[in-house]
1. Based on what the data block shows, is LYS466 open to solvent by 70 Å² or more (accessible area, probe 1.4 Å) and either assigned to a strand (DSSP E or B) or over 27 Å from ILE375 (Cα atoms) (or both)?
2. I'd like to check which strands (runs of 3 or more DSSP E) are fully inside the stretch 695-810 and have at least 3 residues that are under 26 Å from ALA639 (Cβ atoms) and touching a residue at least 40 places away in the same chain (Cβ under 8 Å).
3. Limited to the stretch 306-354, what total is found for residues that are loosely packed, with under 15 Cβ neighbours inside 10 Å and of a type in the set (Val, Ile, Thr)?
4. In the stretch 59-101, how many residues are closer than 22 Å to GLN242 by Cβ and not in a strand (DSSP E or B)?
5. Considering the stretch 651-706 alone, what residues qualify as being more than 22 Å from TYR763 (Cβ to Cβ), open to solvent by 20 Å² or more (accessible area, probe 1.4 Å) and more than 27 Å from the chain's Cα centre (by Cα)?
6. Give me the residue from the stretch 32-45 that is at pLDDT 95 or above, among the β-branched types (Val, Ile, Thr) and open to solvent by less than 50 Å² (accessible area, probe 1.4 Å) and, out of that set, farthest from PRO314 (Cα to Cα).
7. So is PHE643 farther than 30 Å from ASP744 by Cβ, open to solvent by 30 Å² or more (accessible area, probe 1.4 Å) and without any contact (Cβ under 8 Å) to a residue 60 or more places away in the chain or not?
8. Which one is farthest from the chain's Cα centre (by Cα) among residues in the stretch 737-789 that are among the aliphatic types (A, V, I, L, M) and within 28 Å of PHE684 (Cα to Cα)?
Amino acid sequence: MRKCILIAILLTINNLAISQTKGNLSGLVIDKNTQMPIQGVIVKIVNTPFGAVTDSLGGYHFKAIPTGQYQVSFTSLGTLPYSLFNVVVSAGNEANNLVELTPSDYVLKEVVVNNMRKTVRTATLETPLSIQKLTAEEIKSNPGGNFDISKVVQALPGVTGSASTGLGFRNDIIVRGGAPNENVFYLDGIEIPVINHFSTQGSAGGPQGILNVSFIDEVKLSSSAFDAKYDNALSSVLEFKQKRGNAEKIQGNIRLGATEVATTFEGPLSKTGKTTFLASARRSYLQFLFEAIDLPIRPNFWDFQFKVTHVINPKTTISFLGVGAIDEFAFAKPKDATPEKIYALNSGPSINQWSYTVGASLKKLINKGYWNLAISRNHLNNINEKYEDNLSTIKGEKTFDYTSNEIENKVRWDITKSLLGLKWTAGTNIQSVGYDNSTNQFLGYYAINSNYIKQYATYSTDFTYKKYGAFFQLGKKAFNNRVGISAGVRTDGNSFTTTGNQLMNRISPRIGFSVVVSDKVTLSASVGKYYKIAPNTALGFKDLNGNYLNKNADYISSTHYVTGVEYIPSESTRFTAEVFYKKYNNVPVSVQKGTSLSNLGADFNILGNEDINTNGLGRSYGFELFAQQKLTKRFFGVASYSFFRSAYTNGKGEYIKSAWENIHLLSLIGGYKFNRNWELGIKFRYQGGTPYTPYDMNLSKLNFATLGIGTLDYSKLNSLRNSAFHSSDIRVDKKYNYKNKTLDFFIDITNWYGAKSVAPPYYVFASNTDGTYKTTDGKVLQKDGSNATPELYDNNLVFVTPTFGFILEF
């Protein structure tokens, strides 16, 4: 009887889904250069009878069209034709897009030959190469991505994360062999320093992203040829463009996955629709999953996000946005005390953080251009604690006690003007930085002149300073629009470091060229020099006498040389090939360890909280191949291959291969849209093994009982290399459209064929089944490890992670 009732319910759901198949589609079309709305644009849903024309405010609206995936085309006199691919129309949420059309006067000749729409092209006048874009739909459907933008971008050329293992447990974005703290992140023009939960202070990575993909309209990654308005970028600029809230009705979604539940709402805040909002909250329940699989750690997080947009008048818009996170961490006793679980208990600190970024952005349209004013504030509070035994009632010595706050108040202003094929942008920025830190840390025993010395770092710091900068960029098309030239310059300074006010020493020039070879082929090249200040964790470090040790730190610099070719055979297909070389100067080097800080930052420690000098060098070079097929009928796919070598000098000035040197990176992603709203996606990745540093067996034995980890032998820095890693993820979606609602069930399996992870072994003492340590004399473990039995534990494990969930749109 129960089976019959269940079958009847399922049949009813299916019938309702088939009978209700209508949805809405809307958007706004503006001029890319002036940001003015464009009236009279012809908007067509390809291969359907549906069409519309934009109104005086640049808006378009389609009502009651069949649900499904579409290609939408935009044509207007005086602009380059444009298409959106994989636009999903559902019964639940109304799809809304912001479309920027480029005036034909500012387009290279090849994009208008034979009336071909080169929509898939991502390069701009300012950034002619080394640039990739992702739409929200590509992020949502990415296999193994778990709706996490930072994980999804790792499929792009030259990008990897968690380089030492390939497991993807962290979101360390490593671009072209650079360190994970060499990237900057902007959300609607406002810098977001913290985009990950349990973030590594001084770096940027963490295990889970904060940003809500339901807010995102587009993501753009630039790995070179940076626009001059961005400061502190050495490896990449990641720009997140958010959509506006629906101006006509309240709508939203609920997402439930294996580790979290999230909800998003959007809609109008005024009857006229001039004020709209987006708001979301997410709660993890990782602690329950980890308890179920008997892991001894209990991470837990919340995050929140909002955006409010108000149209003051047709030429003036103000937006308010905010992103915040609360991260909590605890330990629990495992039921089965295996070596890896004991190691997880005592190798790392408990991390409790909260962070937020709030800001306001005012955009004013002027004759032939516009200006932006952005004001923002961000705050990171970070508390780390570690004991000899993180779990026991008697925890033993407290080996790490760290509390820190980083606060930044920022103002940015820029103006953009376009006239007769000439485009220029200028601007300035200033920020007030506050940093405090209380550190009490046992560093361990170190060998000095054949003696073992116990070392501590104990200090507190509290200071404020100013950072400031200015830029100018100019672009021009020439020779009948077959050649594009863009040149820019910026300079940055600060009021804290010894040479911080010497702006002329940090002139940062860049120039880029694009040349049309044929109607389908474009050659490009760029050269630029970029600067980044040392992290606050390094600037605020003091010795035992309270003296700042790193006030003389120079800005790290990186000079990029890039050339490439782009081949676009159709509006939906794109191939690129690029060769790059990056040269680093003034790289921070640890005085104590003699290793470049650019080899660090992809773990849960604090980066830069030590004495450094900035006389290090670095280099990275290689080539990238990329192919992309946008969804036009049923198939879409991306393939990328990268070859690179990366190295930094040690304390002796010797080049040592970097911790990020995979050498080979291969990523393949494909998807297929079946009938009746079924979708299949699959991803394969291969990455070469990264170098790692062996343990100093004597110091490890001396320190392990107290620190819970082995001590690395930095005299043999990165002298060993992991094996190569490969894995594959698969995702299946099934959508049901009802009246005003859509239900999407998904199954996402990470590492579905069970490939082994690849990571260095970790140093441990042999243990008994109850979690106590084995000793050579049968007595209690001595604090100096003299009666312990050391082991190198194999860290190559198999992790298959299935995720079952649903998204309900309403």
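1. When the stated conditions are applied, LYS466 passes them.
2. So the answer is 725-738, 741-750, 801-809.
3. Final tally of qualifying residues: 2.
4. Residues flagged as closer than 22 Å to GLN242 by Cβ and not in a strand (DSSP E or B) within the stretch 59-101 amount to 4.
5. Within the stretch 651-706, GLY651, LYS652, GLY653, GLU654, TYR655, PHE674, ASN675, ARG676, ASN677, TRP678 meet the criteria.
6. Residue satisfying both the conditions and the ranking: ILE45.
7. Here the answer is yes, as PHE643 does meet what is asked.
8. The residue in question is LEU743.
The values are calculated or read from the model by the stated rules, or taken from the named source; none is laboratory data. Just so it is clear, the model here is predicted, and its values are computed rather than measured. Quick reminder, even Gly has a Cβ in these numbers, built from the backbone with ideal geometry, and neighbours come from all protein chains shown. Please note that ligands, DNA and RNA were not included when accessible areas were found on the heavy atoms of the full protein model with its side chains. Shrake-Rupley method; radii C 1.70, N 1.55, O 1.52, S 1.80 Å.
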